Amino acid sequence: MPAGKILQPVLKMKVDELFLCWLSETPTQLLLKDYLRRIKNGEKINIGDCDDKESLSANKHNLYASQSVLDNLPVSPLTPCSPSSQLTSNLPLSPLSSPRTGLNARVRRSTGVKTVQQKKEEPLKPALSQTIPKFYFPRGCPAANMNIDTIIEKIEKTFCQFPNERVTLEDMGKVAKACDCPLYWKAPLFYAAGGERTGYVSVHKFVAMWRKVLQNCFDDSSKFICLLMKPGSNCLEQEDFIPFLQDVVNTNPHLTFLKEASEFHSRYITTVIQRIFYTVNRSWSGKITCTELRKSSFLQTVALLEEDDINQLDYFSYEHFYVIYCKFWELDTDHDLYIDQKDLARHNDHAISNRMIERIFSGCVTRGRKAQKEGKIGYDDFVWFLISEEDKKTTTSIEYWFRCMDLDGDGVLSMYELEYFYEEQCQKMENMAIEPLPFEDCLCQMLDLVKPHCVGNGKITLRDLKNCKQANVFFDTFFNLEKYLDHEQKDPFSILKIGERESQDISDWEKYAAEEYDILVAEDSAGDQWNDGCDAELNALDNQMANEVQFATDKRPFFEVPSHQLNMVLDDYEYEEDFE
């Protein structure tokens, strides 16, 4: 403590403390209550009356008896007790009460036993928080009539059908049905019970696993995540789906042709996983939570795998995979499953602007480190790019292109960011001898199109684009010249009507995938027919020449030393320019 400074007590604070202590004691409260009753009855009160002293003494006697019962209760010396109807609450005396005052004299514990008339305590009203029913169920709302023992008994009967009550992955479908699960939950059920280590699952291990799941998970979303997730996790990552999807490839009747081509299994599985995360993982975290899975239609689609054609299902369509992989194969010239900026710029005949290509490789929408280190993206990132490019009306695609256009990452598209991308569009149009629209006029059109919430600052938010029904027109204006010119040739009102009609019909991606698949199949068929025609012509030519060369062919071997008359050296041959 510094010299010259002397601690001095604050008299007012001490007086207030003593007053609160005196006021919180039970005799004081009883006396005040008696005075209040007399005042209400119109009686005259004299502080020095003997009756008051006797009343105070009687109250003290009651206090002595109750003190021996409640002397172990904790008490705060500075907490005042509010007067209430329950005067027999018997709070312990404050240790700070002073024995020098008359009414608040310190009361010592009584060693004698005194009879005290006990009053009936009124039942406490339940707290407000106890009356509010539980409304948050992160793992689903428990069913009131679910009998776990009945479900387990049904599962045990199913296991009795197999030798030694052991089930392999091929027979796990019956167990999945006994668990009231879709057929293609069989692989997650099998691996969750430890079947990967032994090749089979015993009834005891499976029952123990499934009982634990039923006791902690109460809806399909939480059960599915519990079966697939890693130990200690509460969400699904991309590699968690691989065993489940591999079983779909191996057992789905609509993918029997793919089962033999094992080199394409990983490509198909990668495509399905990326489509799942593209649609379900709304947080862009790379991890699917139970809430995200519950809000999506993925589990409903999984349930349809055993009934519908797989090409009619969103995530698992083989036709969509065929289109995506063929488009990637065309760009990946060296076939190392990675493409750089030059490769991606060739997509759709250089339709995407170079500035947008640079933004894609900047890492704002890609997860791999190759995009930042080596300037390349993999097949998984290309799946996101192609779906976002061909369908700019979905929520994920709007977020995808908004991230690319938001250069400074402030969460809004400013005028300088729009002008940055529009400049390249103007340069392309000038090279095509097309007079571009001035940026000021284009900006006015886009603001009228989007109708941002805050018009005065000239900034467009992500919410504005999601609420706008023509987000595809907005994005194409700034980085896809071919589609921008198509929109310019159409009537704006017809575009709006088409958008409203297509919102109830198939999506832009489904339309694009169907058209491209037909084109690819037609090209393959034409190539096969051309090869067959060439073979037929060559066979006819061979028949005509057969008689002439038959004798010579019979007398000389297939591989023969060249004749001495052929003295031309191949290195000296001068190739024509047309073949260079």
*In this model, which of 392/483; 392/451; 205/259; 295/466 are farther than 20 Å apart at the alpha-carbon?*
205/259
_FRET efficiency for residue 330 and residue 486, using Cβ-Cβ distance with R0 set to 30 Å, rounded to 0.05_ = 0.85
*What percentage of the solvent-accessible surface of region 410-500, computed with a 1.4 Å probe over protein heavy atoms, is contributed by carbon and sulfur atoms?*
55
*Once the whole set of protein chains is in place, how much accessible area is left on residue 171, using a 1.4 Å probe, in Å² to the nearest 10?*
60
*Approximate spin-label separation residue 524-residue 282, in nm, with each point projected 7 Å along Cα-to-Cβ*: 3.7
*Roughly what would the spin-label model give for residue 35 and residue 17, points 7 Å off Cα along C-beta, in nm?*
2.5
*For region 379-446, accessible area per residue (1.4 Å probe, heavy atoms of protein chains only), Å²*: 40
*Rounded to the nearest Å, what's the spacing between the alpha carbon centres of region 141-196 and region 403-440? Just the number, please.*
58
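How large a share of the accessible area of region 279-344, in percent, is made up of carbon and sulfur atoms when the probe is 1.4 Å and the other protein chains stay in place? Don't skip to the end; give the middle numbers.
On the way: 1430 of 3050 Å².
Roughly 47 percent, rounded to a whole number.
With +1 assigned to the C-beta of every Lys and Arg and -1 to the C-beta of every Asp and Glu, and no other charges, what is the dipole magnitude of region 197-353 about the Cα centre in debye, to the nearest 20? Present the calculation step by step, with values, prior to reporting the outcome.
On the way: 16 positive and 22 negative charges, 198 e Å.
Charge dipole, region 197-353, about its Cα centre: 960 debye, nearest 20.
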_For the pair residue 153/residue 419, report the inter-label distance in nm, with labels modelled 7 Å from Cα in the Cβ direction._
7.8
*Suppose every K and R has +1 on its Cβ and every D and E has -1 on its Cβ; what is the size of the dipole of region 231-315 about the Cα centre, in Debye to the nearest 20?*
400
*asked:* Report the gain in length on full extension from residue 374 to residue 309: 0.36 nm times residue separation, minus Cα-Cα distance, nm rounded to one decimal.
replied: 19.3 nm
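What accessible area per residue comes out for region 143-216, rounded to a whole number of Å², with a 1.4 Å probe?
Details: 3980 Å² over 74 residues.
Counting only protein heavy atoms, the per-residue value for region 143-216 is 54 Å².
Quick one: of 327/511; 393/428; 157/177, which pairs are farther than 18 Å apart, Cα to Cα? Could you put the intermediate results ahead of the total?
Working: 327/511 16 Å; 393/428 25 Å; 157/177 12 Å.
Listed pairs above 18 Å: 393/428.
The values are calculated or read from the model by the stated rules, or taken from the named source; none is laboratory data. In this text the structure is predicted, and so the values were computed from the model without any measurement. Neighbour counts run over all protein chains shown; Cβ positions are idealised from the backbone, glycine included. Please note that ligands, DNA and RNA were not included when accessible areas were found on the heavy atoms of the full protein model with its side chains. Shrake-Rupley method; radii C 1.70, N 1.55, O 1.52, S 1.80 Å.
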